[in-house]
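Below you'll find the structure, written out as structure tokens, and then a few comments.
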Amino acid sequence: MPTSSIRQRLIFTMVLTQALLAAGLVFTGVYYTHRRLQASLDANLHARAIAVGALVRYPEQPHQPFIFETGLVPARDLATGDMFEITAPGIGAVARSPRWSDDLDLRGNGKAYRKIKLAGIPYRVLRLENVPVLDREEEPSNLPSTLTVIYATPELEIQRQVWRAGFYIAFASLVLLAVTVVLALWGIRRGLSPLQDMAVEASHISAQHWDFTPPHEAELVAELRPLAEAMETMLQRLQQSFEQQRQFLGNAAHELKTPVAILKSTVQSLLQKPRTSPEYQAGLAQSLEDIERLENLLQGMLRLARAEQWAYGTLKRNLESVDLASTCEDAIEGLRGLASAHHADIKLDAEDGIICRADPEDLQLVWINLLENAVRYSPEGTTVRVNVGRSDHKARVVVEDQGPGIPAEELPLIFERFHRGEASRSRETGGFGLGLAIAKALIEAYGGSITPESAVGRGTRMIVHLPLNLN
Amino acid sequence: MRILVVEDEARLAANIARSLRESAGYAVDIATDGEDGLFMAESNPYDAILLDLMLPRIDGQELLKKLRGAKQHTPVMVVTARDEKESVIALLNAGADDYLTKPFDLGELLARVKALIRRGKGQASPVLAVGDLEINTVDRTVRRNQRAIVLTAMEYRVLEYMAHRPRALVSKTELLEHLYDYNWEKFSNVIEVYISGLRRKLNKGSAAPLIHTYRGQGYVLRP
């Protein structure tokens, strides 16, 4: 997979913007310099045109042509390549510079600047009409009072200056660009170092080592703080669920080992010496029982895993509208045998028409698990009561027994997987401590809650709330 | 030898007991919870105790600490489903002599228990020797001067017990306590029957007597 580097991207973006900036600067600089130089050249051109125009005098005698004071034309201007022509309306050319090209004889009216290229050299040309003849002492009637001056000067100097200005600006920009890149490289490296520190810190995290303290610098960086905090909370949650899983796995392994140990010892002791056929039979029957027990344990663990998987949204299921009372009835029917073995009774008091969206088998399993506990702990001759009703816009199912009750300190533990009450452990109830965990996982998967209430010597109430299906 | 098995899984306890009785000829008592286990361990002289950890009423580790706190030196083998290093270390440090994780092999359990008993009585070799008498505790055979001696199960158990502590005075009561489990009626005169049977078989071929009687006190096995 191609990797991209933040540093490279930042540098690239910076160089690009700087280069664009430099280009813009060069362009504006060149444009502005050109404009300014041209404006000043134009003013100059105008002044020179007026100046040469002023060198035209009326003749001393009438009917003589204009007099042009050639000697007064600034030699320096002519040396740089200036050219001019003065014409008078109706008369034609009055005066011309030593060098002249007819290409410069521009037609037009009023004042006009043009650009012309002559033999590869660019010229700026001004055509100025109606330049008054300054000599006003005596105006001969046969000569016009205004002149037209065409003045051209080479533009080479301007171009050179414009180029030079462009070069200087570009050079300065490049130097600046280089300096900025170096500075930016250093700055970015420094700026990103907390990120690197954090990566180093994060790389120490493992299943054995969950401590993550973001480096102090990272906490001072506004952009990194949310990341550091998010990592901290994420790790805490991960550690919690990891520990939970590890504990579950440890417990599960422990619970699985015992039946396997029994099974193994049964078979091994059968094989220790030749036995009679009834002995083998008894051993096989025992083994079968143990295998069934193992099977039940595995089934319970799978159910729990499935309920949790579903609660975490990784399992899709089709739910139907279920009447709570009927699932309770079915569960009670299934437990009649156990109840009569314990000489206990189960009584159902159900309100009809309480509908939830659920898989009826799930709900039955929940009621069976709750009832099984209740019946097993019920003293002879007592009754387990099941009540189905509503409270606070929710469905409510209460399973109540008259058993020994659960001590307050044990109450928070009863939903833990593989938790078995002291009474259960010594009374050989045959459970694995998964029933209540499964019930809770299922109820919570349906968005409900389960709350135990118990008093030692008086009995236990399990109160289940489930969201109602109002459609 | 008499062993106490403290294990809440009744079937596992029964299987262990059967194996110990059949394959090693040990007397075995079973306790299914910690409280019973502690009571029995304190009131009977066991040669080894097999202890499960997850026990109702009194936890296995707690029981172990109480036993060791009461200066009980009986070798204890812990049978546990937990095999994390820390819990093994904690167990051995609490006074356990050995441990085995579930599910285990009955053969291994047996061998370890034999080794524990041997060590507990100051013996290293599984073949016990008293003069020219050799008792192989692995296959439970007895030889004297290379000659195989066939013993009844009870005679072997008496001899094995005494051979673990040669030259020590062993009373009839002690023998009764170590050879029978809880459920047996104990009659001291049966011991005399076994001893006389043993004497007869061991001394066959005019060898020097090995079992000496101290009237009113007990017996000593010595060359």
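Table for the structure above
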{"quantity": "Other protein chain Cβ atoms within 10 Å, averaged over every residue that makes up B:19-25", "calculated": "2"}
{"quantity": "As computed over the range A:316-471, the Cα convex hull volume per residue (Å³)", "calculated": "108 Å³"}
{"quantity": "Residue (of A:Val52, A:Leu25, A:Phe212) at the positive-pole extreme of chain A, dipole from beta-carbon charges", "calculated": "A:Val52"}
{"quantity": "Table column - 3J(HN,Hα) (Hz), the range B:209-219, Karplus curve with 6.51, -1.76, 1.60, x for Gly and Pro", "calculated": "x, 10, 9, 10, 9, 10, 3, x, 10, x, 10"}
{"quantity": "Peptide B:6-17 - average C-beta neighbours from other chains (10 Å radius)", "calculated": "5"}
{"quantity": "Alpha-carbon radius of gyration plus Dmax, which is the widest Cα pair, for the protein assembly as shown in Å", "calculated": "55.8, 189"}
{"quantity": "Cβ-based exposure ranking for A:Lys394, A:Lys117, in which fewest neighbours within 10 Å come first", "calculated": "A:Lys117, A:Lys394"}
{"quantity": "Hull-based mean projected area of the range B:127-221, where the convex hull spans the alpha carbons, in square nanometres", "calculated": "6.0 nm²"}
{"quantity": "Taking A:Trp367, A:Trp310, A:Trp186 and counting other C-beta atoms within 10 Å, the order from fewest to most", "calculated": "A:Trp186, A:Trp310, A:Trp367"}
{"quantity": "For B:Ile30, distant residues with modelled amide H under 5 Å away", "calculated": "B:Val5"}
{"quantity": "In degrees, nearest ten, helix B:188-202 long axis to first principal axis of chain B (Cα)", "calculated": "60 degrees"}
{"quantity": "Likely footprinting exposure, B:Arg157, A:Arg160, fewest C-beta neighbours within 10 Å first", "calculated": "A:Arg160, B:Arg157"}
{"quantity": "Derived scalar couplings ³J(HN,Hα) [the range A:437-443; Karplus, 6.51 cos²θ - 1.76 cosθ + 1.60; whole Hz; x for Gly, Pro]", "calculated": "5, 5, 4, 5, 4, 5, 4"}
{"quantity": "Average beta carbon contacts from partner chains per residue of A:264-273, 10 Å cutoff", "calculated": "6"}
{"quantity": "Residue-averaged 222 nm ellipticity for chain B, from DSSP H runs of 4+ at -39500 (n - 2.57), nearest 500", "calculated": "-13000 deg cm²/dmol"}
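Where a number appears in this text, it was derived from the coordinates with a stated rule and is not lab data. All of these numbers come straight from a predicted model, not from anything done at the bench. We place every Cβ from the backbone using ideal geometry, glycine too, and count neighbours over all the protein chains shown.
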